[in-house]
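Working notes for the structure below.
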């Protein structure tokens, strides 16, 4: 049993860690110092809240404690650079205390998001920094989540912070003319986090699974901070639709369950409803984008009537292809056409598809072909395609699924 | 902050350029220099001779080793540089993106280590 105080600190950690770090980064310009002082503040909360009670505004309390800790640390550090920083820091005075109405000031977390996802940093570094500074995951957890040695991840974070300092990467929300491109970079990081967590199988490390929750949580923050950004809403809707089905995606034996065979009672209706609201809010902004289209496709798959409007899905994939032409989108389009217009039409599209070379090692291409051939009654060709897919598949779960499909056409 | 903007270009393309193409490029660089000097970010810069005229100097165990040629044998070579004083990396990147060579080569942005 955890105490009320521990639960309150845990809740504050989820809600406030990013905000405390972001404010300290702005005030001190020192990322390591910011993280250490935020950590100290949460440790102090665990000591003091049981006796003093849980403060009315935990975030403000934690930020104040972290600030005082930073001032103490800078005073103790007698080096010239630190002294200069201390003066600059003190000169900001008390008007920087969190105001009662937080909505009046731009949230430091938004600056932190854009800085963590700055294109001058490698994509891997952007992902790691986001998890460390915004989500508050430890280096050990991030290393486990990305299956790399802890020393490698620690080094990656050190290098990224050093580059921010030496190269003068600013701690700002980008100006209007850069905002679209830079917001895309932030969304790309969040989407990668979600996919990393989502693709982890049910038995996999819980730290890996938690990436989906972190991605959703951070995108919720982004949607609050940038309410007029339709793609942030589109991504949130997309993630909610996928996440809603995660319990039904794999059965008790750890085997993949295709959409049409999923137990709908396992779907999370609240997430689906929230996803629909996000998608509607995004549509009202009248600036379509790839995440909104992907979310619209995902919405078709969780329709209330229990049947998917494949003609609409096919049209949406065609729209998506016009925005982001890629091999995977073309393949998905062909699959949707095979469902709406029949396997013959789908097969024709697959065989005429661009990017054949790019898809050579992609197991879902022969898997999709196999399924269309099976539906056409061309069993031996279907079996050959499933065998090829089986050879290329990357996980045991996928291989077991393909073995079942192969069995259907050879039995 | 001061940044060194290193201009890397495909030398073969420059050597085979026609006189008109060469003149057009010179004009574009003159225009860039004028704009950025007026804006107050430009501190200096030079065009360099081709990399075949380069010598790379390394000191190993106190011994000066000179080798003929540039430090990396790649398709693109250092063709010139600017020193600019900018607010932050975002401004340096924006200035770098306006250098004509950014379009067919690349610009390496390196923060200057202030002593």
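What follows draws every value from the coordinates through simple rules; no lab data is involved. The model shown is predicted, which means the values in this text are computed figures rather than measured ones. Heads up, the Cβs are rebuilt from the backbone with ideal geometry, glycines too, and the neighbour counts pull from every protein chain shown.
Diagonalising the gyration tensor over the Cα atoms of segment A:178-259 and scaling each eigenvalue by 5 before taking the square root yields semi-axes of 27, 12, 10 Å, largest first.
The share of alpha-carbon pairs in segment A:351-411 lying farther apart than 15 Å comes to 44%. Between segment A:261-291 and segment A:18-43, the alpha-carbon centres lie 35 Å apart.
Nearest 10 degrees, 0 to 90: what angle lies between the long axis of helix A:206-225 and the longest principal axis of chain A (Cα atoms)? Relative to chain A, helix A:206-225 is tipped by roughly 70 degrees. Dividing the radius of gyration of the alpha carbons in segment A:267-335 by their Kirkwood radius gives 0.98 for Rg/Rh. Against chain A, whose longest principal axis comes from its Cα atoms, helix A:290-301 is set at around 50 degrees.
With angles folded into 0 to 90 degrees, how steeply does helix A:176-199 sit against the dominant principal axis of chain A? Use alpha carbons for both and round to 10. In chain A, helix A:176-199 runs at an angle near 70 degrees to the longest axis.
Size descriptors for chain A (Cα atoms only): Rg and Dmax, in that order, 24.6, 80 Å. Projected over all directions and averaged, the alpha-carbon convex hull of segment A:1-53 occupies 3.8 nm². What the Cα convex hull of segment A:103-181 gives, in volume per residue, is 101 Å³. Kirkwood radius and radius of gyration were both taken over the C-alpha atoms of segment A:136-232, and their ratio Rg/Rh is 1.01. Per-residue shielding of A:169-178, expressed as the average number of other chain Cβ atoms within 10 Å of the residue Cβ, stands at 2.
The Cα center of segment B:1-75 and the Cα center of segment A:113-157 differ in position by 35 Å. Result for chain A in a Gaussian network model with C-alpha springs under 10 Å: among A:166, A:333, A:390, the largest mean-square fluctuation is at A:166.
For segment A:322-368, a Kirkwood radius taken over Cα pairs fed into Stokes-Einstein (20 °C, viscosity 1.002 mPa s) yields D = 201 µm²/s.
Dividing the Cα radius of gyration of segment B:1-94 by its Kirkwood radius returns 1.05 for Rg/Rh. Between residue A:301 and residue B:48, the C-beta separation translates, for a Förster distance of 56 Å, into a calculated FRET efficiency of about 0.45.
The GNM of chain A, with springs linking C-alpha atoms under 10 angstrom apart, assigns the highest mean-square fluctuation among A:387, A:378, A:69 to A:378.
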